[in-house]
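The values are calculated or read from the model by the stated rules, or taken from the named source; none is laboratory data. Computed from a predicted structure; not experimentally measured. Note: ideal-geometry Cβ built from the backbone for every residue, glycine included; neighbour counts use all protein chains shown. Accessible surface is based on the protein model in full, side chains and every heavy atom, while ligands, DNA and RNA are left aside. Shrake-Rupley method; radii C 1.70, N 1.55, O 1.52, S 1.80 Å.
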Amino acid sequence: MFNPEKDFNRILMESLGRDGISISALAKKLKSEGFDHHRLILTGYLRAMADMGHLRERDVPPSKIYQVVKPLPDSIYEQVRKACNKVSNDPDELILFTLFKIFKRPIFDSELKAAGVNRPIGRSIPETEVNDYKKILRRAGNTVTGQDASVPSADMTEQLQDVLVTILLDSTESRHLIAETKQSKLI
């Protein structure tokens, strides 16, 4: 289930640490943090993450140790924040505008915090609309914390293209393909 405060994948990866731990130790650690999942469910989850290349599984009889191999990719909120910081000197309003255009709905305060915005921006929408969007997201299996949602107060369409290009180039590690100069023929 999605929660912009912190998703389970990231909690799991942080719990494993650099050296990794066994499934039973992980289950105990997660239970102390409020995630009471059966060890069989955790085993399936860990094996799936190992199949995706994020974890390595080592046999240390009688248990298996799972260790982080590569970190999870940035969330959409982190990607938008990083791209907006590269494009704008005051990225907060641009972050709101970008998320609004991507998700095609008002953006909740908890989502803005996940993207690094800690001050009120944009225009707030009425509480009835907020509740309607929460219901829609809940039906889709998402949990949104927070009571307020905002829409942009400024049109930043020109900067949006730069943000989206930056996200694409950074997520595909393709920045090296860009021609840095405007020279069209050799001298």
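For every residue, the table says whether it meets (1) open to solvent by 70 Å² or more (accessible area, probe 1.4 Å); (2) without any contact (Cβ under 8 Å) to a residue 40 or more places away in the chain.
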| position | (1), (2) |
| --- | --- |
| N118 | yes, yes |
| A140 | yes, yes |
| V144 | no, no |
| V151 | no, no |
| L164 | yes, no |
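Whenever a residue of the range 31-55 is under 21 Å from R18 (Cβ atoms) and free of Cβ contacts under 8 Å to residues at least 12 places away in the same chain, its partners that are of a type in the set (D, E) and surrounded by 11 or more Cβ atoms within 10 Å (Cβ to Cβ), lying with C-beta atoms within less than 8 angstrom and at least six residues away or across chains, give the pairs R47/E57. Residues in the range 153-162 that are surrounded by 12 or more Cβ atoms within 10 Å (Cβ to Cβ) and of a type in the set (D, E, K, R): D162 alone. How many residues does the range 60-74 hold that are open to solvent by less than 80 Å² (accessible area, probe 1.4 Å) and either aliphatic (A, V, I, L, M) or closer than 27 Å to T172 by Cβ (or both)? Adding up the residues that qualify gives 6. Looking only at residues of the range 24-59 that are surrounded by 14 or more Cβ atoms within 10 Å (Cβ to Cβ) and small (G, A, S), we find that the one that is nearest to K70 (Cα to Cα) is A50.
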